[in-house]
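To keep things clear, I will list the structure first and then write my remarks on it.
Just so it is clear, none of the values below were taken in a lab; they were calculated from the coordinates. In this text, all values refer to a predicted model and were calculated from it rather than measured experimentally. Counting neighbours? That spans all protein chains shown, and the Cβs are built from the backbone with ideal geometry, glycine included.
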Amino acid sequence: MSDGSTDVLIVGGGPVGLSTALFLARKGIRPILVERRPRLSTIPRATGLHARTVEIFRTVGLEPAVQEAGMKIVGPGAELDLVRAGRATPLVMLGAQSLADLHKSFVMEAHDVDYDRFTPSWPIWCGQDHYEPLLFDAAVEAGAEIRFQNELVGLVQDSDGVTATVNDNGTPRTIRARYVVAADGVKSPVREMLQIGNRSNGVAGNFVSIIFRAKVDLPDTAPRFTLIYLMNQLAQGLLLFIEPGRWMFGVNYYPERGQSPADFTPERCVELARIAAGDPELEVEVESAQPWDARHMVADAYQSGRVFLAGDACHAHPPAGGFGVNAGIQDAHNLAWKLADVLQGHADESLLDSYEAERRPVGAATADQAWMLFRTRGQLADEDKAAYRDFVIVTMGYRYTSNAIVGAPADAELLPRELTFTGQPGSRAPHGWVDHNGSRVSTIDVLTEGWTLVTAPGDGTWLAAAQAVSAQTGLPIQALTAGPGGDLADDGTWLASCGVGPGGALLVRPDGIVAWRSAGPVEDQTQTLAAALATILRGA
Ligand SMILES: Cc1cc2nc3c(=O)[nH]c(=O)nc-3n(C[C@H](O)[C@H](O)[C@H](O)COP(=O)(O)OP(=O)(O)OC[C@H]3O[C@@H](n4cnc5c(N)ncnc54)[C@H](O)[C@@H]3O)c2cc1C
């Protein structure tokens, strides 16, 4: 039985599938998402949303709601009032025996990042069970169709599209799609169907994540943290503060010693929660106990014909650095506008090749960083130090090189040593505060609505060039001036920070990545801009 057709079929209703649905729907595409579970997951799982992910949420209007549902992540000693009030949590990992022994704990990792320097968005600590419903509501409101209890069981590709077979609550149906995005998790049935192999360093640990509620009163003098590496003779693992009164204890188990998730009976989970708290009498309500592996994996390909892998389906990381869901949402953000531009006739399919070219190196580097950090518990060996990059660089400082970037330096380093935003093609466009239409906004807010060309005020030729290219190609291009009296009004600092001088221009993609720039004047602006866009969108 056929049940319609769609431009994009998304497989999997986790955070990455839901984000893909939202980003596509906002671009005017009406995707169908199939999820085999009957509802959204109620398990918090990935909790740390890095600044770039929050920026992306900001551009789709979700930052305030996610902030409200979670807590701001701050530096170790910062904003203690907010921390005490349960509105913020410090980015600190402690080593401790239990919550009762925090006075004997030691700091394993602490990060004090001055985010204001380069982003309008601070990271947020928020359980997946809180932000997935927000993504779901926003995606549906924007026009995505989401079908629960729909399990994808087969895929056949031809030159025009993909025919998917779905088990719809016991009834087999087919859905015809131009493209498929598989955000179906680390075991990705789609990756298996397509016989895409992977590179893996293996599993660095096996865990059962126990989510429990308990009222644990920490004295005011206790050190604050988001994460504890629990080193207790009775149980080892990672204890996460999820939200006031709610905890996640990822307890190690050892298959080589004959242990298994079945050992984690409800009684044993209560006992383990009490060990973590250091209080044998503590009242504990166990919500769930789920097994997971600290697995390293990078798929050999992110694309097979008309099918794309995103999120855990193509990269899995041990939890160190909290990269997993962030890398996945950024995959979705990278892919969605490309699919939309192709489907809306603004680009040839060659643009889609840039998804794997850009995101696979980032996925591989991210998995390698997480593996290194997890294996060493953050105590890097000398031979690892050269390869190590700060987590802010891993999550937002990467530089793409692909057919969708013009003018990236040939020796561009994927993860540079220093976090800098200089307008280099392939990097995220710099953030600056500017006055725009009577409001004080970040450039990030303005540069992510579509293709944008920015030049200095008074240089009408670039604006005319953008109009001419738009008229020739049908591609909407937002043309703005930046500087004193400009559409993005400041003292000229921001455009200069992008490496654009008088007579120059900056072209930014819909995902906020610099596509191309001209540092100074060129002879024929229209021809130059048209050529850059033709290279990116038409492979010309
Ligand atoms: C217990 C646990 C704890 C975790 N803790 C952390 C953490 O602390 N920090 C962190 O960064 N990450 C953590 N992770 C990992 C994090 O949850 C993932 O990185 C994130 O969920 C990836 O999102 P995703 O959308 O790619 O995949 P998933 O969230 O796995 O979503 C995939 C979805 O696809 C659906 N699906 C699969 N096959 C089909 C099919 N054939 N048809 C239809 N639907 C299908 C699944 O039901 C699922 O809903 C944890 C994971 C687990 C399991």
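From least to most packed, judged by other beta carbons within 10 angstrom and beginning with the fewest, Y254, Y229, Y302 follow the order Y254, Y229, Y302. Extending 7 Å from Cα along the Cβ direction at V203 and again at A531 yields two label points whose distance is 5.5 nm. Tell me the Kirkwood radius of the chain: reciprocal of the mean inverse pair distance over distinct alpha-carbon atoms, in Å. Over the chain, the inverse of the mean reciprocal pair distance is 24.4 Å. Amide H to amide H distances under 5 Å link D184 with A310, A313, where only residues 5 or more positions off or on other chains count and H is placed in the peptide plane.
Just add up the charged neighbours of A530: K/R +1, D/E -1, any other residue whose Cβ is under 14 Å from the Cβ of A530. Can you show the working numbers first?
Values: positive: R538; negative: E523, D524.
Result for the neighbourhood of A530: -1.
Given the rule -39500 (n - 2.57) for each run of at least 4 DSSP H residues, summed and divided by the residues of the chain, what is its mean residue ellipticity at 222 nm, to the nearest 500 deg cm²/dmol? Please report the intermediate quantities before stating the final value.
Details: 15 runs with 156 residues, N = 540.
Per the formula, -8500 deg cm²/dmol.
Look at where the Cα atoms of the stretch 16-37 and of the stretch 149-173 average out, and the two centres are 16 Å apart. Note on the stretch 189-227 and the stretch 291-307: Cα centroid distance 18 Å, given to the nearest whole angstrom. Which entries in K72/K215; K72/K187; K27/K385; K187/K385 show an alpha-carbon gap greater than 30 Å? Over 30 Å Cα-Cα: K72/K187; K27/K385; K187/K385. Residues whose amide H lies under 5 Å from that of T6, counting only those 5 or more places away or on a different chain, are R176, A177, R178; hydrogens are built 1.01 Å from N in the peptide plane. Scalar couplings 3J(HN,Hα) for the stretch 206-223, obtained by applying the Karplus form with A = 6.51, B = -1.76, C = 1.60 to θ = phi - 60°, are 10, 9, 10, 8, 9, 9, 9, 10, 6, 8, 10, 8, 8, x, 3, 7, 5, x Hz; x denotes Gly and Pro.
For the stretch 433-538, take N as its residue count and report Rg(C-alpha) divided by 2.2 N^0.38 Å. Intermediate values should be presented prior to the final figure.
Values: Rg = 12.7 Å, N = 106, 2.2 N^0.38 = 12.9 Å.
In units of the globular-protein estimate, the stretch 433-538 measures up at 0.98.
Of all stretches in the chain that contain no trypsin sites (Lys or Arg not before Pro) in a DSSP loop with at most 12 other Cβ atoms within 10 Å, the longest one is 216-416.
Short-range pairs are left out: with C-alpha atoms under 8 Å and at least six residues apart, the relative contact order of the chain is 14 percent. The distance from the alpha carbon centre of the stretch 442-499 to that of the stretch 330-404 is 27 Å, rounded to a whole number. Decide, for the stretch 354-460, between rounded, prolate and oblate: order the square roots of the alpha carbon gyration tensor eigenvalues as a ≥ b ≥ c, take rounded if a/c falls under 1.5, and otherwise choose prolate if a/b is larger than b/c, else oblate. Prolate, because a/c is 1.5 or more and a/b exceeds b/c.
Based on the Cα coordinates of the stretch 187-259, what is the per residue volume of their convex hull in Å³?
Working: hull volume 12.1 nm³, N = 73.
So the per-residue Cα hull volume is 166 Å³.
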